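Structure first, commentary second.
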Amino acid sequence: MTTLITGGAGYIGSHTALALRDAGKPVVILDDISTGFRQLLPEGIPFVEGDIGDSQLLQDLFQRYEIKSVMHFAARSLVGQSMKEPGTYFLANSAKTATLIQAMVQNNVGHFILSSTAAVYGEPTAIPIDENHVLQPTNPYGLSKKIIEDMLPWFEKAHGLKWISLRYFNAAGADPQGRSGEIHDPETHLIPNILKVALEEKEALQVFGNDYPTPDGTCIRDYVHVTDLAKAHMQALDFLLHSAREEKASGTINLGSGSGYSVLEVIETARRITGHPIPVQWCPRRPGDPAILVASNKKAKEKLNWNPKHTNLESIIQTAWDYLG
Ligand code: UFG
């Protein structure tokens, strides 16, 4: 019952590969190292360097490793870049994922877990956001993932594919044992950028906007620890594997902590943890940033029995800081 992890050299994929390995589950990683990092590849897991859009490679992999399920992390994920290069996102995310799933159904690989995103919702009309919230992505990144979600029921209907799309809110933190952490190039995310200031790699943290309709004027986000995300992937796959044939197991599930913190609250917490003053430079709003994104995680708790462990911001920032320090 080997699981293929695409994007296992990336932030969330590498943490999930570690979680599966720790649980004694056989795993293979496929990654083209275009946005991932070799240093994040967990030791002891077979790694194949290649492209998820290469059908022949996929077929060889599925057969050679007797793959029965796929967790699909490989993707482009920069909202700002997607506004400038929408085609890159539709091709790398939507089109290549169609190739991947087509190869799966042709090779009887029947279980699929998708890395999706809160960006499929767009500007929320209600907080907390549940899975029935209208989907109106406001950027090509979110749309590229929504397109995949729209494809999945058709593969299910025609080929019996079982799937779960996990819509992450703000993934953050690092493996508490220090084996993996958050690396991106370029880095656009809040917590790693704050920690770069604490490490004196940057002079000040640019804060995008102080005039949002929130208590302190900065955006509120739902930060969810990456090892809790990794656990949710294992639980989602188990759920699919153990569901009865006639059971309606497939669907979309939010992954968030259910709590929101403002940018200033995150900075304040990081100041306490790092002991660094973390100077701030006030900047205009970043285009496309919604004021508040907080998940309802009721469905994940009920359906997957998901019980996030790192629910406070301290533990999220502490693990990220320990990894870098
Ligand atoms: N921010 C700053 N300064 C920075 C970086 C971020 O002020 O240097 C602010 C942003 O403006 C935003 C908040 O911090 O208000 C969080 O920003 P992130 O870039 O860390 O995360 P986002 O909420 O923009 O994006 C995350 C994921 C996306 C996903 C999106 C869903 O990274 O992949 O949530 O809405 F699409």
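The values are calculated or read from the model by the stated rules, or taken from the named source; none is laboratory data. All values derive from a computational prediction rather than experimental measurement. So basically every Cβ, Gly included, is an ideal-geometry build from the backbone, and we count neighbours across all protein chains shown. To get the accessible areas, we keep the full protein, side chains included, count just its heavy atoms, and leave off ligands, DNA and RNA. Shrake-Rupley method; radii C 1.70, N 1.55, O 1.52, S 1.80 Å.
Every listed requirement among (1) in contact (Cβ under 8 Å) with a residue 24 or more places away in the chain; (2) within 16 Å of the ligand (Cβ to nearest atom); (3) open to solvent by 20 Å² or more (accessible area, probe 1.4 Å) is met by E268 save one, (1). Residues of segment 266-325 that are in a helix (DSSP H, G or I) and of a type in the set (A, V, I, L, M, F, W, C): V266, I267, A270, I273, A300, L304, L313, I316, I317, A320, W321, L324. Of all the residues in segment 8-42, those that are more than 24 Å from A172 (Cβ to Cβ) and either acidic (D, E) or crowded, with 16+ Cβ neighbours inside 10 Å (or both) number 4. The set of residues in segment 3-61 being assigned to a helix (DSSP H, G or I) and among the polar types (S, T, N, Q) consists of S14, T16, Q39, S55, Q56, Q59. Condition first: assigned to a helix (DSSP H, G or I), polar (S, T, N, Q) and within 15 Å of the ligand (Cβ to nearest atom). Can you find one or more residues in segment 67-83 that meet it? Yes, there is a match, as at least one residue in segment 67-83 is assigned to a helix (DSSP H, G or I), polar (S, T, N, Q) and within 15 Å of the ligand (Cβ to nearest atom). Report yes if I273 is open to solvent by less than 50 Å² (accessible area, probe 1.4 Å) and away from the ligand (no atom under 16 Å from the Cβ), otherwise no. So I273 passes the test.
Number of residues in segment 298-312 that are surrounded by 19 or more Cβ atoms within 10 Å (Cβ to Cβ) and closer than 24 Å to D216 by Cβ equals 1.
Whether any residue in segment 176-197 is among the aliphatic types (A, V, I, L, M) and over 23 Å from L264 (Cα atoms) is what I want to check. No - not one qualifying residue is present in segment 176-197.
Checked against the criterion of being under 21 Å from P308 (Cα atoms) and either hydroxyl-bearing (S, T, Y) or at pLDDT 95 or above (or both), the candidates T218, T252 yield just one match: T252. Among the residues of segment 93-118, the ones that are open to solvent by less than 20 Å² (accessible area, probe 1.4 Å), in a helix (DSSP H, G or I) and of a type outside the set (V, I, T) come to 6 in all.
Would a scan of segment 239-252 turn up a residue that is touching a helix residue (DSSP H, G or I) at 6+ places or on another chain (Cβ under 8 Å), under 21 Å from G288 (Cβ atoms), open to solvent by less than 40 Å² (accessible area, probe 1.4 Å) and assigned to a loop (DSSP other than H, G, I, E, B)? No, every residue in segment 239-252 fails to be touching a helix residue (DSSP H, G or I) at 6+ places or on another chain (Cβ under 8 Å), under 21 Å from G288 (Cβ atoms), open to solvent by less than 40 Å² (accessible area, probe 1.4 Å) and assigned to a loop (DSSP other than H, G, I, E, B).
Suppose the filter is part of a helix (DSSP H, G or I) and within 10 Å of the ligand (Cβ to nearest atom); does K157 pass it? Judged against the criteria, K157 is not a match. In the set (1) surrounded by fewer than 18 Cβ atoms within 10 Å (Cβ to Cβ); (2) closer than 20 Å to S116 by Cβ, A230 fails one condition alone, (1).
So, of the residues in segment 123-144 that are within 20 Å of T88 (Cα to Cα) and open to solvent by less than 10 Å² (accessible area, probe 1.4 Å), which turns out to be farthest from the ligand (Cβ to nearest atom)? Applying the filter and picking the extreme gives S144.
Of the residues making up segment 160-187, those that are assigned to a loop (DSSP other than H, G, I, E, B), within 14 Å of the ligand (Cβ to nearest atom) and modelled with pLDDT of 95 or more are F169, G173, E182.
In segment 74-98, the residues that are touching a residue at least 60 places away in the same chain (Cβ under 8 Å) and farther than 19 Å from F169 by Cα reach residues that are small (G, A, S) and within 14 Å of the ligand (Cβ to nearest atom) with C-beta atoms within less than 7 angstrom, at least six apart or across chains, in these pairs: M83/G288.
Filter segment 215-224 for residues that are part of a loop (DSSP other than H, G, I, E, B) and more than 10 Å from the ligand (Cβ to nearest atom) and give the result. Please lay out each step first, then the result.
Taking segment 215-224 and keeping what is part of a loop (DSSP other than H, G, I, E, B), we get 215-219, 222.
Residues satisfying the conditions are P215, D216, G217.
In the set (1) closer than 23 Å to K145 by Cα; (2) within 14 Å of the ligand (Cβ to nearest atom); (3) among the hydroxyl-bearing types (S, T, Y), T227 fails one condition alone, (2).
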